[in-house]
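**Q** This is the structure I want to talk about, given as structure tokens.
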Amino acid sequence: MQDTWRRKLQRAYEKPKYEEAKAELRRLKNELRLINRSAASSLEEGLEETLALHRLGLFEVMVKSLKTTNSLESLMSLIEAYTAKVDYSKNSSQKHRWIASALIEIEPRLRKIKGYRWLPMLREAIRQHLELAREAA
């Protein structure tokens, strides 16, 4: 049933509006609860985080680059390959230097993410969202 549910979830996430996507995911969560309570709980737990681009109003322009975590996983894999043999670090600062060195080494192999021109807009949307959250608190 994984393929069927994967398609259902992908269709829900493809909804361009936050309210539509959230409503569809909630409906699927209730349907999934009858089959697998653990999977339904997992969906509920990460629901808001997975709809962040929708909530910020940037889903349509950033979907190709930030729809999955592939770009982050790829970066982390490259860092891991560079730092895997480091067994001992004296302190946190030294760990940061190792990671910085790894990033400098792998930078030439990194490609721009699709939609990189929209990143300033994403930064501003996040800033506004945080300000609204701060004012509400």
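The values are calculated or read from the model by the stated rules, or taken from the named source; none is laboratory data. Worth saying up front: this structure is predicted, and the values here are computed from it rather than measured. No Cβ is skipped: glycine too gets one built from the backbone with ideal geometry, and neighbour counts run over all protein chains shown.
**Q** Do we find a residue being surrounded by 12 or more Cβ atoms within 10 Å (Cβ to Cβ) and at positive phi anywhere in region 113-135?
**A** Checking region 113-135: at least one residue is surrounded by 12 or more Cβ atoms within 10 Å (Cβ to Cβ) and at positive phi.
**Q** Could you tell me whether LYS8 is part of a helix (DSSP H, G or I), within 30 Å of GLU105 (Cβ to Cβ) and of a type in the set (D, E, K, R)? I'd like the intermediate steps shown before the answer.
**A** Values: part of a helix (DSSP H, G or I): yes; within 30 Å of GLU105 (Cβ to Cβ): no; of a type in the set (D, E, K, R): yes.
So LYS8 fails the test.
**Q** Name, by its number, the condition in (1) surrounded by 11 or more Cβ atoms within 10 Å (Cβ to Cβ); (2) modelled with pLDDT under 90 that does not hold for GLU24.
**A** (2)
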